[in-house]
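The values are calculated or read from the model by the stated rules, or taken from the named source; none is laboratory data. Just so you know, these numbers come straight off a predicted model, no measurement behind them. Counting neighbours? That spans all protein chains shown, and the Cβs are built from the backbone with ideal geometry, glycine included. Each accessible area value is taken on the protein alone, full model and side chains, heavy atoms only, with ligands, DNA and RNA left out. Shrake-Rupley method; radii C 1.70, N 1.55, O 1.52, S 1.80 Å.
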Amino acid sequence: MLIQTKAIVLRHTDFSETSRIITVFSRDKGKFAIMIKGFRRPKSKYAGIITYGSILDLIVYYKQSRSVQTLKEADSAQSILKLQYDFEKMALTMNLLELIDLSTHEHEVNSDLYDFLEAFLGWLNTTEQPANALFPYLQMRIAELNGIGIQYNSDNSSATSWLNIIEGSIADTPNNGLAFKLKSIQKEYIRIAMQGGTTRLLTINLTKLELKELINHLDVYLKHHIDGLRDRKSDFIFEQILDA
């Protein structure tokens, strides 16, 4: 059947000398792959609008039992051109897109996650602020929007706090399973992130080591609660940005 949907490009791979397969996360049909015939030809009308993170209006010949769908028409739904020419922002975007790709199943609809991703990419495209420190926030939002959000059960006056992996909580004592002790600034970051304070998070002065530690802690949490979640290949580029 022919469907129309908004979608965001998560990844792509070349197929044959002229075609490309893109994997998109759509608002109405979840994640699926699309064949774009003729994409690699010099005069392809799609070459300028379809890349990592592109926000698209799609018309697709869609059948869920097929592993790869066929594109009928695609147009840009929202420009993210500034983002694509900013190396640091694109590194963050690649990490985010790969995390969503790895943590979602094909054809599983999650319109709230789609709406969040579209809004964040739009914000990232226009903001002048450095945003690399937002990746733990993105990890937490993806967890929440996949139904495995972390609960904040800590007393803010407590001297020490823990991220309890198995029960999924920030608490003043570790549970009997896996737990990570948080530095006070990491705890404050999580508290503000849970309140949705994106702009306020950029004022928290995490050191590079503290940021990397927090990302690692949250990766362990995600891997524990999402079956088969693998390491991100794009981490190599993102970590080079953090170390710069």
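Quick look at the values:
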| item | result |
| --- | --- |
| Whole-number D in µm²/s for the chain (Stokes-Einstein; Kirkwood sum over Cα pairs; 10 °C, 1.306 mPa s) | 83 |
| The range 44-118: chymotrypsin sites (Phe, Trp or Tyr not before Pro) in DSSP loop, at most 13 other beta carbons within 10 Å | Tyr85 |
| Globularity index of the range 9-132, i.e. its alpha-carbon radius of gyration over 2.2 N^0.38 Å | 1.04 |
| Coarse-grained scattering of the range 60-161 at q = 0.12, 0.19 Å⁻¹, given as base-10 log I(q)/I(0) from a Debye sum over alpha-carbon atoms | -0.56, -1.11 |
| Accessible-area composition of the chain, carbon plus sulfur, in percent [1.4 Å probe] | 49 |
| Entries of Lys31/Lys223; Lys82/Lys181; Lys82/Lys212; Lys43/Lys63; Lys89/Lys187; Lys82/Lys208 with Cα pairs more than 31 Å apart | Lys82/Lys181 |
| Rg/Rg_globular for the range 154-196, with Rg_globular taken as 2.2 N^0.38 Å and Rg from C-alpha atoms | 1.07 |
| HN-Hα J in Hz across the range 146-160 - Karplus 6.51, -1.76, 1.60, θ = phi - 60°, x for Gly and Pro | 9, x, 10, x, 7, 9, 9, 10, 9, 7, 4, 8, 5, 6, 10 |
| Estimated translational D of the range 123-178 in µm²/s (Stokes, Kirkwood radius over Cα pairs; 37 °C; 0.692 mPa s) | 250 |
| Rounded accessible area per residue of the range 51-136, 1.4 Å, Å² | 44 |
| Anisotropy class of the range 1-45 from Cα gyration tensor, a/c 1.5 cut | prolate |
| The chain: most fluctuating residue of Gly30, Gly48, Gly168 per GNM, C-alpha cutoff 10 Å | Gly48 |
| Cα shape, the range 137-227, gyration tensor, a/c 1.5 rule | rounded |
| Packing rank of 130-138, 104-112, where each peptide gets the mean count of other beta carbons within 10 Å, highest leading | 130-138, 104-112 |
| CD proxy at 222 nm, helix term only [per DSSP H run n ≥ 4: -39500 (n - 2.57); per residue of the chain; nearest 500] | -11000 deg cm²/dmol |
